[in-house]
Amino acid sequence: MGHRFRGKVVVITGASSGIGRAAAHEFAKQGATLVLAARGKESLEAAAAECRALGVEAVAIPTDVAEERQVNDLVATVTARFGRIDVFVGNAALFVYGLFEQTPTEAFKRVVDTNLHGHVHAVKALLPHWKQRGEGTYVLVGSIQSLLSAPYQSAYVTSKHAALGLMDVLADEHQGTGIRFGAVLPSTIDTPIYQNGANYTDKASHPLPPTVSVQRAAKAVVAQAVHPKRNRYVGRLQASFVAAEFIVPWLFHRITTPAVEVFALRGHQAPTDGNLYAPNDAGNATDGGWVAKRRRVTRPLVWLGLAGLVTLVVRRGRR
C-alpha cells in the first residue's frame, strides 16, 4: 500500500459503481480515509467493504447529489466525524440514450439535476469549510463529451458541458489560493453505465469504441487529486477528436451520428428509464465487462462498422 493519502480524507460520489468505485480502490491503496456516497445502499456498502479490505477506514453514506439537503448533510457528517475533507471527487452521473425529441423532459431534467446541480450543491457546501482551512481539492469527473457533441445524448452532453464550465469559473475564482479545481475527462470507459442508463431509442446501448479500462480512469482521478490540471484526458484517440471538431468541423459533425448509429446502438431493446429514478444495486459493479467483450466480439464488429460508416458518410455526402 502507498502512503500518499495517509491522513487525508477523500469523499467520492457515485462510488457504488464504475469510475467512482475504481477510484475508491486506488485511493485506498494510497492510504486515504474514504467516505463513499451514492444512492444504492447495498452496492455502496460493498464498495466500502472492498476498501476496508485494503486496510483503510471507509464509510458509506447513501446520498442523492441531486438533493441539496442530502449533500449538505453529507459534508456536515464528514466534517463532524473526521474534522476535514481534503479531496472531494464529484463523480455521480446519470446517462440517457435518445434523440432530443425521444427524451422525456423529466428525464432530461433528472440528468441535469445530478450531473450539474450535484456539483453546485457540493461546492456550495464545501467552500465555507475549505476557506476556513485554506485548502481543498475538487476533482470533477466529466467526460470527453464535456467538450464534444454526441448525437442521441442531448441531456448528458448538456449537463457535462455545463459542469465543465462551472469548474473553469471556480478554478479562475480561486487562483492563488489553496483551493483547487480540476476535471478528469474520460473517453469511453468500461463501466456499467451503458447497461444501467436510460434508453429511449428502441435499440440496445453499447459503448462507443475504443473502450478504455476503468482502472486507467481511476488512476487519472488520483493523479488529478495530487496535481490538479484544468483538464486531464483519459483515452488518447477520443481526446484527439476535441481538436478535430475545431480543425475540421465539417468532417467531425458529418460522422458523429453515423458513428453512434453503427457502433453504439445495435439490436432491439425496449425503452427504459434505467437507473434515473432509482438506483440499480444489482447492476452496479466496478466495470461493465466491455473490455473483455471487446477482445472476443467487438473488434470484428468495429471493422464491419467502419466499412458501414464509410458507406453511410459517402451516401450522405452525395445527397
Rounded to whole angstroms and listed largest first, the alpha-carbon spread of region 81-175 along its three principal axes comes to 47, 27, 15
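Compute the Kirkwood hydrodynamic radius of region 1-126, taking the inverse of the mean of 1/r over all pairs of distinct Cα atoms, and give it in Å to one decimal.
Numbers: mean 1/r = 0.0676 Å⁻¹.
Computed over Cα pairs of region 1-126, the Kirkwood hydrodynamic radius comes out at 14.8 Å.
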With all protein chains present, region 12-169 has a carbon and sulfur share of its accessible area (1.4 Å probe) in percent of 51 percent
At q = 0.11, 0.14, 0.26 1/Å the base-10 log of I(q)/I(0) from the Debye formula over the alpha-carbon atoms of region 1-63 is -0.18, -0.29, -0.98
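Quickly estimate the mean residue ellipticity at 222 nm for the chain, helices only: each DSSP H run with n ≥ 4 gives -39500 (n - 2.57), and the total goes over all residues, rounded to 500. Could the numbers behind the result be given before it?
Details: 12 runs with 151 residues, N = 319.
Result for the chain, helices only: -15000 deg cm²/dmol.
Below 8 Å between Cα atoms, with a sequence gap of 6+, how large is the relative contact order for the chain in percent?
Numbers: 655 pairs, mean separation 62.4, N = 319.
Over the chain, the number comes to 20 percent.
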Taking the chain, the whole-percent share of alpha-carbon pairs separated by over 34 angstrom is 20 percent
Per principal axis, largest first, the Cα atoms of region 209-255 extend in Å by 38, 23, 10
Under the Karplus relation with 6.51, -1.76 and 1.60 and θ = phi - 60°, whole-Hz ³J(HN,Hα) for region 13-27, x at Gly and Pro, equal 8, x, 8, 7, 7, x, 4, x, 5, 5, 5, 4, 4, 5, 5
Given 10 °C, 1.306 mPa s and a Kirkwood radius over Cα pairs, the Stokes-Einstein diffusion coefficient of region 35-193 in µm²/s is 96 µm²/s
Quick shape summary for region 142-289, equivalent ellipsoid via Cα gyration tensor, semi-axes whole Å in descending order, reads 27, 20, 15
Beyond 19 Å (Cα-Cα) in this structure, taken from Lys8/Lys219; Lys160/Lys229; Lys131/Lys160; Lys29/Lys293; Lys219/Lys293; Lys124/Lys229, we find Lys131/Lys160; Lys29/Lys293; Lys219/Lys293; Lys124/Lys229
Taking every other residue with Cβ under 12 Å from the Cβ of Gln195 and scoring Lys and Arg +1, Asp and Glu -1, one gets -1
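The values are calculated or read from the model by the stated rules, or taken from the named source; none is laboratory data. If you're wondering where the values come from, they're calculated on a predicted model, not measured in any experiment. Cβ: placed from backbone, ideal geometry, glycine included. Neighbour counts: every protein chain shown. For the accessible areas, the whole protein counts, side chains as well, though only heavy atoms, and no ligand, DNA or RNA atoms are used. Shrake-Rupley method; radii C 1.70, N 1.55, O 1.52, S 1.80 Å.
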